[in-house]
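These notes concern the structure reproduced below.
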Amino acid sequence: MSNIVTLFAALACCTALAQDKQLNIYSARHYPTDEALYSDFTKATGIKINRVDADDAGILARLKAEGSASPADVILLVDASRLWRAEVDGLFLPIKSKLLEDAIPANLHANHSDNGGVAWFGLSTRARVVVFDKLKYSKADLDSYEKLAEPKLKGQLCIRSGSHPYNLSLFGAMTEHLGAAKTEVWLKGLVDNMARSPKGGDTDQIKAVAAGECGVALTNTYYLARMMRSTNPADKAVTERIGVVFPNQSSWGTHVNIAGGAVAKNAKNVDNAVKFLEYLASPSAQNHFANGNNEWPAAKGVGFDNPALKAMTGGSFKSELIPISAVGMNQIKVQQMLDRVGFK
Ligand code: FE
């Protein structure tokens with residue numbers, strides 16, 4: 001009898017152990033350079049990572065469909081408005097981690113929930129900047145987001161869909177800075193200045209400027225840095241033709257978005273999930289975001305060495321300091337404004 005009890009105890013131990021060494025991640029980080037991050041974590045902890053890669057919308061739909069049966073432990077998303085949406089939809093388990101709260105500035109994570117936890121943490125940042133055709137403009141012509149709506153840029157602006165989260169977040173930030181009424185007038189100005197109907201991703205906008213199809217465009221910095229570091233002659237030709245401006249350096253600072261992480265509401269491996277997010281906030285993982293995917297570290301005081309980011313900024317730049325959670329919260333208001341001004 002005692003042998004059977006021992007056997008059951010042993011089985012219970014090892015089933016628990018097997019579960020203890022697993023972590024299921026749903027990731028929308030669409031960057032192959034992240035592979036090293038996952039393997040380094042497994043090497044350091046022995047925790048095996050099972051990963052599902054999908055886009056943000058796909059991940060959120062899958063989590064909702066799976067409900068309490070979802071195997072997801074960690075969710076990685078690449079935009080503040082998407083993280084906010086998932087939080088509001090109740091897809092996250094608030095995290096209590098002193099390490100994460102000490103590492104990540106308060107304006108780059110969700111507000112504290114009723115139980116004192118935090119629904120998501122920004123883990124890296126990216127700026128939304130202006131690129132321009134050097135044959136047509138100089139930096140001084142385009143040194144604020146407001147200037148993109150000036151009538152003298154009529155027919156010159158290339159931009160991806162207004163409803164894409166990268167733009168929703170920028171426009172949500174503008175709503176914080178300018179107020180809704182002025183932001184709507186500004187959005188109408190952007191529509192009036194479009195060179196073509198919104199289409200493509202950020203890289204397509206950069207290429208369209210270099211091809212002379214438009215004079216100015218908006219892009220996230222890592223797409224530009226990727227081209228600057230590319231050895232492909234076509235990419236080199238593109239980056240030689242264009243200039244870049246970090247807007248609003250003399251006012252509230254350039255809009256900065258985040259990629260971030262959260263623990264899934266129905267996570268079975270909560271401790272491992274928190275451990276993984278804490279690892280992503282460590283200096284070595286933060287450095288990886290900077291060097292591998294050309295993002296800025298979100299954690300305080302982490303140094304990095306990325307030649308493209310340095311060349312782009314001249315060393316550093318002033319970023320806006322509004323709470324990134326407010327940017328997400330504004331997206332419904334922003335979508336209504338977009339509909340009213342006819343921004344597709
Ligand atoms: Fe992206």
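The values are calculated or read from the model by the stated rules, or taken from the named source; none is laboratory data. From a predicted model like this one, the values you see are computed outputs, not experimental measurements. Every residue, glycine among them, receives a Cβ derived from its backbone with ideal geometry; neighbour counts consider all protein chains shown. Heads up: the accessible areas ignore ligands, DNA and RNA and are worked out on the full protein's heavy atoms, side chains in. Shrake-Rupley method; radii C 1.70, N 1.55, O 1.52, S 1.80 Å.
Look at the alpha carbon pairs under 8 Å that are at least 6 residues apart: their mean separation over the length of the chain gives a relative contact order of 28 percent. Across the stretch 178-234, the relative contact order, built from alpha-carbon pairs under 8 Å that are at least six residues apart, equals 25 percent. Provide the net charge surrounding ASN232, with neighbours chosen by a C-beta distance below 15 Å and charges set as Lys +1, Arg +1, Asp -1, Glu -1. Taking every Cβ under 15 Å from that of ASN232, the sum is +3. The separation of the stretch 99-131 from the stretch 289-344, counted between C-alpha centres, amounts to 12 Å. Express the accessible area of the chain per residue in Å², computed with a 1.4 Å probe while the remaining protein chains stay in the model. For the chain, the per-residue accessible area is 42 Å². Protein heavy-atom surface of the stretch 211-334, 1.4 angstrom probe: 55% of the accessible area is carbon and sulfur, with nucleic acids and ligands not counted. Considering only beta bridges that DSSP places wholly inside the chain, some 65 percent are antiparallel.
Straight-distance candidates among the lysines for linking to LYS310, with alpha-carbon spacing under 22 Å and chain neighbours fewer than 8 residues away dropped: LYS134, LYS139, LYS207, LYS236, LYS300, LYS318. Using the Cβ-Cβ distance between ASN50 and ALA311 with R0 set to 30 Å, the FRET efficiency from 1/(1 + (r/R0)^6) comes to roughly 0.20.
Quick one: pull the percent of accessible area on the stretch 42-166 belonging to carbon and sulfur, 1.4 Å probe, ligands and nucleic acids left out.
That fraction is 55 percent.
Against the chain, whose longest principal axis comes from its Cα atoms, helix 35-45 is set at around 30 degrees. Across all Cα atoms of the chain, the radius of gyration (one decimal) and Dmax (whole number) stand at 21.8, 88 Å.
Please report the spacing between the Cα centers of the stretch 59-93 and the stretch 162-219 in Å, no decimals. Computed from Cα coordinates, the inter-centre distance equals 27 Å.
Here the scattering of the stretch 172-249 is modelled by Debye summation over its C-alpha atoms, one equal scatterer each and no solvent; at q = 0.17, 0.23, 0.25 Å⁻¹ the log10 of I(q)/I(0) is -0.77, -1.14, -1.23. Principal-axis analysis of the Cα atoms of the chain puts helix 56-66 at an angle of about 30° to the longest axis. Taken over the Cα atoms of the stretch 227-333, the convex hull encloses 174 Å³ per residue.
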